[in-house]
Structures are given as C-alpha cells and as structure tokens.
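Here's the structure we're looking at; comments come further down.
The values are calculated or read from the model by the stated rules, or taken from the named source; none is laboratory data. Just so you know, these numbers come straight off a predicted model, no measurement behind them. Cβ coordinates were reconstructed from backbone atoms using ideal geometry, including for glycine residues, and neighbour counts include every protein chain displayed.
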Amino acid sequence: MSTPTDEPASPTSEPASPLSAPAAGSSVSPPIDSDGVPALSTLPGSAPAPLSLILGGFLALLVSAWAAIVPFVGPSFGFSSDGTASWTWNRAHALGALVPGAISLLACLVIVVVARHPTGTLVPSRLVSAGFLIFLCGAWFASVPVVWPVLVGSYFRDASPSLTLAYWMGSATGPGVLLAAFGAFAMGRAGRETHEHS
C-alpha cells in the first residue's frame with residue numbers, strides 16, 4: 001500500500017511594499033508623513049508664478065516705452081511721423097504718445113510685480129485695474145491718428161503709402177493693438193484668479 005508523498009510547499013512571496021523607492025538618478029522624492037505614507041503638497045500658493053503674465057507684462061512694458069518716446073527720438077534715425085525734429089515738445093507728442101505711454105508703462109510694472117506671486121495668490125483687482133488702463137492706452141494709441149485730426153489738426157505728415165503705413169504700424173496702431181491685446185489678457189487672467197479663489 002502506497003503512502004502519499006508530501007509535495008514541497010511552494011515558496012510564498014512577500015507582499016510588495018506600498019512605498020516604492022525613487023527611481024535611480026531621481027533627485028526628487030515625495031514628502032513622507034510620520035506613518036510612512038507619501039504626502040501630497042496642498043499648501044496654498046504652491047503653484048508656480050504665471051510665466052506668460054510676467055513675460056507679457058515685460059514685453060508690453062517695452063512696447064509702452066517705445067510708443068511714448070518714438071516721437072522724440074524717431075527723427076534722429078529718420079522716423080518722424082509729423083516732420084518735426086528730435087525732442088520737439090508739442091501737444092501731439094505729449095497727449096498722443098508720452099502721457100498714454102507713461103501710464104501704460106506704469107500699469108505694466110504693476111502687472112509684472114503682481115504676477116511674481118504664485119498662481120492662486122494673485123490679487124485680481126490689481127490685475128483688472130492695470131489691465132484696463134493698458135487696454136485704454138492701447139485703444140488711444142490705435143485711434144489717435146483718426147481722432148486727432150477731428151479734434152485738433154493733422155497728426156501724420158503727408159508721405160508715401162509705404163512710409164505712412166510704417167508710421168501707423170510703428171507709432172500708433174501697431175503698439176496700440178499689442179497693448180490693448182495684453183490689457184485684455186491681463187483682465188482675463190484676473191477673472192481666472194477670481195474663479196480659483198471662489
């Protein structure tokens with residue numbers, strides 16, 4: 001009579017650890033709580049600052065500076081939209097370029113400073129105010145060659161079609177459209193921040 005032989009027991013595998021070691025060469029490891037469970041960072045303001053708002057504000061600042069000063073320095077390199085000499089101070093240069101350019105430049109500085117805060121901690125009211133000022137200044141730059149002749153007198157001198165287009169794009173409509181677009185973008189970003197805060 002044959003006796004049943006005992007089969008060798010199969011080796012039991014140890015349960016896998018719920019914590020996996022970081023990959024080789026990885027310098028970032030998740031934070032660990034006291035009970036050994038990885039923790040997710042939920043601190044407010046942990047998201048990075050909005051780079052698009054910072055870069056856009058810096059570029060808009062440069063455009064504002066150009067639009068404000070080009071009537072004064074443009075004639076030195078042959079770019080005089082009204083035929084005046086360099087550093088000629090008149091009402092068209094002051095109200096058509098310098099004042100809106102300076103206001104827009106200051107508003108861009110505000111946006112650059114505000115945008116350095118992390119996403120979720122930006123102040124929407126400051127973004128809206130600065131963005132609206134930039135939008136208004138851009139709208140004025142874009143429309144002043146049409147509005148000024150109606151209210152005061154000629155704004156651009158008579159020139160060839162290509163040179164007239166260069167005056168419009170280089171000192172009026174071009175900077176104006178760019179600034180108005182960035183102002184609208186800043187106001188839209190403020191609406192997003194308001195939604196995230198609610």
Practice task
Please verify whether segment 79-86 includes one or more residues that are of a type outside the set (Gly, Ala, Ser), touching a residue at least 40 places away in the same chain (Cβ under 8 Å) and farther than 22 Å from PHE185 by Cα.
Solution key: yes
Problem - Subset of segment 168-190 that is in contact with a Pro (Cβ under 8 Å, 6 or more places away or on another chain) and in a helix (DSSP H, G or I) - its residue that is farthest from PRO50 (Cα to Cα) - result: TRP168
Handout entry: Residues of segment 154-165 satisfying the condition of being over 17 Å from GLY96 (Cβ atoms) and part of a helix (DSSP H, G or I)
Key = PRO161, SER162, LEU163, LEU165
Handout entry: ALA107 vs. criteria part of a helix (DSSP H, G or I) and either within 17 Å of ASP158 (Cα to Cα) or of a type in the set (Phe, Trp, Tyr) (or both)
Key = no
Problem - Criterion (of a type in the set (A, V, I, L, M), free of Cβ contacts under 8 Å to residues at least 24 places away in the same chain and either touching a Gly at 6+ places or on another chain (Cβ under 9 Å) or surrounded by fewer than 20 Cβ atoms within 10 Å (Cβ to Cβ) (or both)) met by exactly one of LEU109, LEU55, LEU98, LEU59 - result: LEU55
Practice task
Scan (1) assigned to a loop (DSSP other than H, G, I, E, B); (2) closer than 20 Å to GLY153 by Cα; (3) touching a helix residue (DSSP H, G or I) at 6+ places or on another chain (Cβ under 7 Å) for the single condition ALA92 breaks and write down its number.
Solution key: (1)
Fill in the blank from the handout: Exception for TYR167 within (1) over 22 Å from the mean Cα position of the chain (by Cα); (2) without any contact (Cβ under 8 Å) to a residue 60 or more places away in the chain; (3) closer than 20 Å to ALA60 by Cα falls at (2)
Exercise for the section: Looking only at segment 123-137, decide whether some residue is buried (at least 17 other Cβ atoms within 10 Å of the Cβ), at pLDDT below 90 and touching a Gly at 6+ places or on another chain (Cβ under 8 Å). Expected result: yes
